[in-house]
Amino acid sequence: MKKRLFLLLFCLNLIPLYMLAQLKGWKPGGIAEAGFVAGTAEPSFDWRTQFTMSKKMWSLGVGAGVDDYKFRSVPVVLQGRRYFGQRKLKLFALASGGLNIVTDKSEPQTNWWWTWSSFRSSIMPSPIINHYQNGYYAELGTGIAFLSKKQHGFTLGLSWSRKTTTEWYETEATMTSNPTDMDRTTNRYQLNRMVLRLGYKW
C-alpha cells in the first residue's frame, strides 16, 4: 500500500512539470540529494529526488523523499532555487514547502494500568497503538554548486527545515465505571532541524 501511495504521488508530481515544459526556454532536469539531519532529537538521515525545470538562474522542482528524523515520513514538496554567478562555481538559495506524509508507527506500548486492572479477571494486557495525522513540511537554505558547462554536477547545501505531525493514542479511562470508556492523549510535533545535504544535479 505504501509503495502504491508513493508511486501515485510521484506520478502526480510530474503533471505540473509537464505543463511547465511546454513553455519556451525551460529545460528539464533533476536533483538527487542525501542529507544528515540534526536537531533536539537523535540525529538521522534523509534522501529525496526532484524533477526540475530551469530557466536562466531560476529552477522549479517537485519531488518526494524519505525523512527518518524522529519518525519516518515522506515529504512531498515544491521547491524553488535561485542561482548566483555566471561561472561553474555557483551559490544558490532555496525554499521548499509541501505535505509531510507519516508512514511510520511507534512500537506498541504496554498499558500498565490495564495490566493491573485486568489481572484479577485474567485478561491479557492490551497494547497502546499510536496513530498519526499528516502535517506540513517547510525548508529554507543555501549552498554551493560545482557545475560543468552543461550545468551538471555536485551540490552542497545547509538548510533549516521543519516537519509536523499529530500523534494520538487511547488508553482505558481510569476514573469511570464504564469499562469501554477511553482516554485520548494527543501530542503535536513541530520538529525543527538543520540539514547538511550532498546532491547531484543533472
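The values are calculated or read from the model by the stated rules, or taken from the named source; none is laboratory data. It should be emphasised that the depicted structure is a prediction, and the values quoted were computed from it without experimental measurement. FYI the Cβ positions are ideal-geometry reconstructions off the backbone, even for glycines, and counts take in every protein chain you see. Remember, those area values only see protein heavy atoms, side chains included, never the ligands or the DNA or RNA. Shrake-Rupley method; radii C 1.70, N 1.55, O 1.52, S 1.80 Å.
Remarks
- Restricting segment 69-83 to residues that are open to solvent by less than 20 Å² (accessible area, probe 1.4 Å) and not in a strand (DSSP E or B), the residue that is modelled with the highest pLDDT: Tyr69
- The C-beta contact set for segment 40-69 (first residue farther than 14 Å from Asn100 by Cα, second residue outside any strand (DSSP E or B) and of a type in the set (Asp, Glu), distance under 7 angstrom, 6+ apart or interchain) comprises Ser44/Asp68; Phe45/Asp68.
- Where Tyr136 falls short, out of the listed (1) open to solvent by less than 80 Å² (accessible area, probe 1.4 Å); (2) modelled with pLDDT of 95 or more; (3) over 18 Å from Tyr200 (Cα atoms): (1)
- Of all residues in segment 185-198, those that are modelled with pLDDT of 95 or more have Cβ atoms under 8 Å from Cβ atoms of residues that are buried (at least 17 other Cβ atoms within 10 Å of the Cβ) and not in a strand (DSSP E or B), 6 or more apart or on another chain, in Leu191/Tyr69; Leu191/Lys70; Arg193/Tyr69.
- Residue within segment 13-30 that is under 21 Å from Gly143 (Cα atoms), in contact with a Gly (Cβ under 6 Å, 6 or more places away or on another chain) and either modelled with pLDDT of 95 or more or open to solvent by 90 Å² or more (accessible area, probe 1.4 Å) (or both) present: no
- Single residue of segment 139-184 satisfying the filter (under 30 Å from Gly30 (Cα atoms) and among the small types (Gly, Ala, Ser)) that is modelled with the lowest pLDDT: Ser148
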